[in-house]
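The values are calculated or read from the model by the stated rules, or taken from the named source; none is laboratory data. On a predicted model such as this, the values are computed, not experimentally measured, just so you know. Reconstructed Cβ throughout: ideal geometry from the backbone, glycine too, with neighbour counts over all protein chains shown. The accessibility values were calculated without ligands, DNA or RNA, using every heavy atom of the protein model including side chains. Shrake-Rupley method; radii C 1.70, N 1.55, O 1.52, S 1.80 Å.
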Amino acid sequence: MIKLTSKTPEDFAGDLLVYLVEEGVERLPGETASLVNRALYQIKEQGDFKGKKEETFLFYPGLIGEQEELKAGRVLLVGLGQQDDNMAARLEQLRIAGGIIATQGSKVKAVDVLVVLPKEFVLSAAEIAESITEGLLLGNYRFTEYKTDEEAIEKVKPVTTFFLSDGGLSSTAVRRGMNRGRILAEAACAARDMANQPGNGWTPAEFAEYAKKISKKFRLKYKVIEKATMKKLGMGGILGVNQGSEQPPKLVVLEYKTDKKDPTVMLVGKGLTFDSGGVSLKPAAGMEDMKYDMCGGAAVITAMQAIAEEAPAGVNVIGLVPTTDNMAGGAALKPGDIITHFGGKTSEIINTDAEGRLILADALAYGIETYAPEAVIDVATLTGAVIIGLGHHRTGLVANNDTLAERLLEAGERSGELLWRLPIGPEYRKQIDSTVADIKNTGGKSAGTITAACYLQEFVGDVPWAHLDIAGTAWEYTEKSYVPKGPSGIGTRTLVNLLRNWNPLPERETKKS
Ligand code: BES
Ligand code: MN
Ligand code: ZN
């Protein structure tokens, strides 16, 4: 939980009082208790703390000052390093600091933590509050649902309440930023929860149930396309992948509607609740990680949640999550089978483990026909190849529209979720030519991320479209203070950042390829 408090840091009698210190700064601003500045002076003098990035120093004010000077149990100084020239990097500096505070707070078993915002950091008050809030709440994330040992749970207990003190910044702006940060962090943590759930704890039915729940809480329209309707609509991709499963598939739809005149952006997320590979079975080692194959769907559902809560004007947003598991039951799809997607395109199945593109294809084609969006973004743990290319540090981006690609790159940077754009074109598209059907579902060993995108592109026509391959970043993501081990919750915050101030795309620059 996070709250803005009007209490002064001197009056805070909780467990941990935190100040953020830039490298090279000798004194904290005028309002700061003199005890803190005296301590800072001494600690710096002794060379024990310089304010370097990720550096921390903990002390007990009771040992050095009068009780009346500071009432907090402990004081933590957290280094910010030097202010970066780049604004996105400064936002990340604060997020990282927030993550460190959460970790240190939990380590000393703090229940209440008060963070004094850094007045002299060059960002707006709202941005400062937003990014610190994100870091605090993202760093405070735990998943202990399946632990039954109370002691083990207690050991990793997160901080109960964070308080922000405006530190002399406008408290209205701080409150606004804090709320935005809270909405984003809560949404990303919800995505982590979904991902942490095992395949038997998070099925397509759970996706639908969650979407229904948030549609009641926020201003969202909810609908789900069930198996029978999929059959009528001819969604051979989702149905095909689902053939070997005991769990019925679903296509979950959430609509955020503002004004009909405003443009519509459509988000599509891969909600594969467990990917065994199907008949083209995956190796046993590491297969448990394939419960994370729904992280694209989680990003889309939780982005819809955050958008509905933040309620930006000027844009309508549609979220689609095709969801099923990929199992090898007796009726499962086989290599060589041919399926027919929504809209009539046929596809030859070469490898049943290339299933993500099959379920996304139906959702893309159906969504574009139904909602005529001006832009489409899909998010998916689609290829192992993206890990070979970019490792666990950047999400792969493929797009048919430069403006959309640039906006996404920028939104990713602002969110601390970096993307890297890969090319696409007819030379790659050739790799998925089939001799018996319109296309086939794999494109050979080379450029696996791009040929997977080529498959998707078949279903978007010339609608401006971008594809995010998060197979490398959805878990085992770059080590960061505010990203605990496990699922990162990637994508949610980037999508919301993209849609916050959405402007219609310039006319027709989408190239046909
Ligand atoms: N869900 C996987 C992609 C994946 C692999 C995500 C590793 C995270 C880590 C996807 O469905 C898949 O199996 N893709 C295949 C495609 C291939 C058969 C063309 C792959 O990448 O190996
Ligand atoms: Mn697969
Ligand atoms: Zn998969």
In nm, the gap between the two label points placed 7 Å beyond Cα toward Cβ at residue 124 and residue 370 is 3.5
Going residue by residue through the range 409-422, the Karplus relation 6.51 cos²θ - 1.76 cosθ + 1.60 with θ = phi - 60° gives ³J(HN,Hα) values, rounded to whole Hz and with x marking Gly or Pro, of 4, 5, 4, x, 5, 4, 8, x, 10, 6, 10, 9, 7, 10
The relative contact order of the chain, taking Cα pairs under 8 Å that sit 6 or more residues apart, comes to a percentage of 15
Of every hundred units of 1.4 Å-probe accessible area on the range 221-499, the number belonging to carbon and sulfur atoms, as a percent, is 54
Between the alpha carbon centres of the range 417-458 and the range 233-271 the gap in Å comes to 22
So residue 11 and residue 23, fully extended at 0.36 nm per residue minus their Cα-Cα distance, gain in nm 1.6 nm
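Can you give the accessible area per residue of the range 291-404, in Å², using a 1.4 Å probe?
Values: 2920 Å² over 114 residues.
With the other protein chains kept in place, the range 291-404 gives 26 Å² per residue.
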Once residue 87 and residue 34 are pulled to full extension, the length gained, defined as 0.36 nm per residue separation minus their Cα-Cα distance, is 16.0 nm
Measure of exposure for residue 143: accessible area at 1.4 Å probe, Å² rounded to 10, is 60
Rounded to a whole %, the carbon-and-sulfur portion of the accessible area of the range 2-191 at a 1.4 Å probe is 48
With the dipole of the chain defined by +1 on each Lys or Arg Cβ and -1 on each Asp or Glu Cβ, the option from 111, 327, 89 whose Cα lies farthest towards the positive pole is 327
Measuring from its Cα centre, the chain shows a charge dipole (+1 at each Lys and Arg Cβ, -1 at each Asp and Glu Cβ) which, in debye to the nearest 20, is 960
Length gained if residue 54 through residue 436 is fully extended, taking 0.36 nm per residue and subtracting the Cα-Cα distance, is 131.8 nm
Per its Cα gyration tensor (rounded if a/c is under 1.5, else prolate when a/b beats b/c, else oblate), the range 383-476 is best filed as oblate
Exposed GluC sites (Glu not before Pro) being those in a DSSP loop with at most 15 other Cβ atoms within 10 Å, the longest stretch of the chain free of them is 247-478
Ranking 179, 63, 122 by how far each Cα lies towards the positive end of the charge dipole of the range 2-191 (+1 on Lys and Arg Cβ, -1 on Asp and Glu Cβ), the top one is 179
